[in-house]
Structures are given as structure tokens and as C-alpha cells.
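Below is one structure, written out as C-alpha cells, with a few remarks after it.
Since every read-out is calculated from the coordinates, none of them should be taken as a lab result. All of these numbers come straight from a predicted model, not from anything done at the bench. When we count neighbours, we look across all protein chains shown, and the Cβ atoms used for this are built from the backbone with ideal geometry, even at glycine.
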Amino acid sequence: MIRLAIALVAGSIFGAGLAYSGMSDPARVQGFLDLFGNWDPTLAFVMGGAIIPMAFAWLIQRRIDKPFAEAHFSLPGTVNIDRKLGIGAALFGAGWGISGLCPGPGLADLAINPLPALAFVIAMLAGMAVHRVTN
Amino acid sequence: MLAAFPHAMPVEGLIGGLMIGIAAALMLLGLGRIAGVSGLAARATGIADSGAPRRIAIAFVIGLPLGAFLVSLATGGVVTRFPPSVIPMILGGLLVGFGTRLGSGCTSGHGVCGMSRLSRRSLTATAIFMASGFITVALMRFGGLL
């Protein structure tokens with residue numbers, strides 16, 4: 001129960017941060033990626049702001065044996081760089097540029113602008129399902 | 001320098017960014033997991049069969065629109081400017097979904113969580129998806145699609 005509460009609170013703070021920072025606005029995100037247009041640096045402030053608490057969190061993580069509400073850490077490896085990583089990131093970046101959305105803002109926008117957000121989210125899940133079937 | 005970009009929201013960006021980082025820190029230190037939205041969304045829907053416990057993933061994913069809704073209530077509305085056509089949503093969504101699964105993460109998992117960990121994998125992925133985003137939007141601009 002406490003774990004579910006932590007996940008729900010974390011998701012809510014995350015979604016609130018996306019909405020407050022302007023990152024749930026596809027035009028603003030696309031404005032950051034639009035180097036030859038009316039460039040909008042806001043996304044860089046969001047990324048910088050998000051990395052600060054997380055950098056401290058990683059420092060704490062290295063000094064504790066287990067997380068507060070779980071028996072152990074379940075973290076991915078950080079070393080292996082392969083073709084899948086590169087091609088996947090390139091395809092994701094293209095979709096991000098085309099739509100102005102990545103997964104977090106797409107889901108958050110279901111509460112703000114449901115119809116276009118739903119089109120994005122359904123397509124995103126379909127893309128994930130295609131990956132699952134083909135890999 | 002910021003005077004050159006009157007439409008930018010550096011203060012809101014920084015505060016919202018801190019909120020995102022605090023949320024990710026809560027997932028890491030509370031549950032021992034990466035707050036990677038693409039992975040959690042795949043797990044919540046059952047598309048991925050490994051990763052976080054499904055109930056945890058569902059709770060996090062429900063939180064995203066819930067938090068956005070609360071900000072919308074508190075601030076009197078959040079601006080979201082979508083393209084007039086649904087085609088970019090569908091094409092972009094397909095590429096985002098497939099690409100984040102193939103590349104094992106998105107802006108949150110690789111960008112926020114991985115870069116702050118100085119993960120070589122995430123630094124590489126973030127550099128590539130940023131570059132790809134810049135190139136894609138440049139092509140759209142010069143192709144008259146913006």
C-alpha cells in the first residue's frame with residue numbers, strides 16, 4: 001500500500017512538474033527543438049532543474065543498502081551501448097520532433113487536452129506493441 | 001541573454017524541472033526504481049512483461065495526468081498548443097513508442113535519471129534523441145511543415 005502511494009505521489013509530482021514547466025505544451029517542446037525558428041530554451045531549464053535533485057539522489061543511493069520501501073534496488077546496467085540503443089533513440093527523437101511530445105507529457109495531457117493526447121498515447125502504445133511483437 | 005527569448009519560461013521551467021527531479025528521486029530512494037515513463041507505461045499496459053510490479057507502474061502512470069490536472073486547477077489552466085492535424089500525433093506516437101522500447105528509455109529514464117547518474121548508455125541515448133529531434137524539426141521547418 002505504501003509502495004502504491006509512493007508511486008502515485010511520484011507520478012503526480014512528475015505530472016505536475018511537466019504541466020507547470022510548460023513541457024505539456026507540444027509547441028513549446030517543438031520550439032526547443034526548432035533551432036532555425038523562434039528558439040525556446042525552456043526545456044533546457046527543465047532538464048537542468050530535474051537533474052539537480054536526481055544527482056543528489058544518486059549520491060544518497062550509493063550510501064544506502066536498500067530503498068526505503070523496498071527490499072532492494074532494481075536498477076538497469078549503464079554500460080552496454082549497442083545498435084538498438086542508437087536506432088531506438090534516433091527513432092524516438094524523430095517522433096518527439098514530429099509531435100512535440102514524449103511519453104510523460106503525452107500521458108499528462110490526457111487530463112488537459114484529452115483528444116489529441118489520446119491519439120498520441122494510443123499510437124505510442126501501438127508502437128510499443130509493434131516492438132514487442134517484432135522483437 | 002534570456003531577453004533574446006521573451007517567450008521562454010526559465011523560472012517555471014526550473015521549478016517544474018525540480019518537481020520532476022524530486023519525483024524521480026522519490027521513485028529511486030523510495031522504491032529503488034528508475035522513473036522512466038516509457039518503461040512504466042509499457043509495464044502498466046502489460047506490453048512489457050518485465051520491469052516494475054504492474055500495480056506500481058499503473059499508480060505512477062495514473063499520477064501523471066492527475067498531477068497535470070491539479071496544476072491546471074491551481075493555475076487556472078495549462079496551455080497546450082497541439083498541431084491542427086492528428087497525423088503528427090499518430091506518426092510521432094508510433095515512433096516514440098517503438099523507439100523508446102528499442103532504445104530502452106525516453107527523456108525521463110535516459111535524460112533525467114540516466115544523465116544524472118552519468119550513465120554512458122543514457123548520455124549516448126540522450127545525445128542521439130536530442131540530435132534526431134533537432135534534425136527532424138529542422139527538416140520540418142525547411143519542408144514547410146511548421
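The combined condition, being surrounded by fewer than 18 Cβ atoms within 10 Å (Cβ to Cβ) and facing chain A (nearest Cβ under 7 Å), is fulfilled by B:Arg55.
Can you tell me which residue is surrounded by the most Cβ atoms within 10 Å (Cβ to Cβ) among those in the range B:24-48 that are part of a helix (DSSP H, G or I) and free of Cβ contacts under 8 Å to residues at least 24 places away in the same chain? Of everything passing the filter in the range B:24-48, B:Leu40 is surrounded by the most Cβ atoms within 10 Å (Cβ to Cβ).
Scanning the range A:87-115 for residues that are closer than 22 Å to B:Met140 by Cα and surrounded by fewer than 24 Cβ atoms within 10 Å (Cβ to Cβ) returns A:Ile87, A:Ala90, A:Ala94. Within the range A:95-130, the set of residues being in contact with a Lys or Arg (Cβ under 8 Å, 6 or more places away or on another chain) and within 21 Å of B:Ile34 (Cα to Cα) comprises A:Met128 only. Among the residues of the range A:76-127, those identified as part of a loop (DSSP other than H, G, I, E, B), more than 7 Å from chain B (Cβ to nearest Cβ) and either touching a residue at least 12 places away in the same chain (Cβ under 8 Å) or not small (Gly, Ala, Ser) (or both) are A:Asp82, A:Gly100.
The condition of being more than 7 Å from chain A (Cβ to nearest Cβ) and among the β-branched types (Val, Ile, Thr) holds for B:Thr75.
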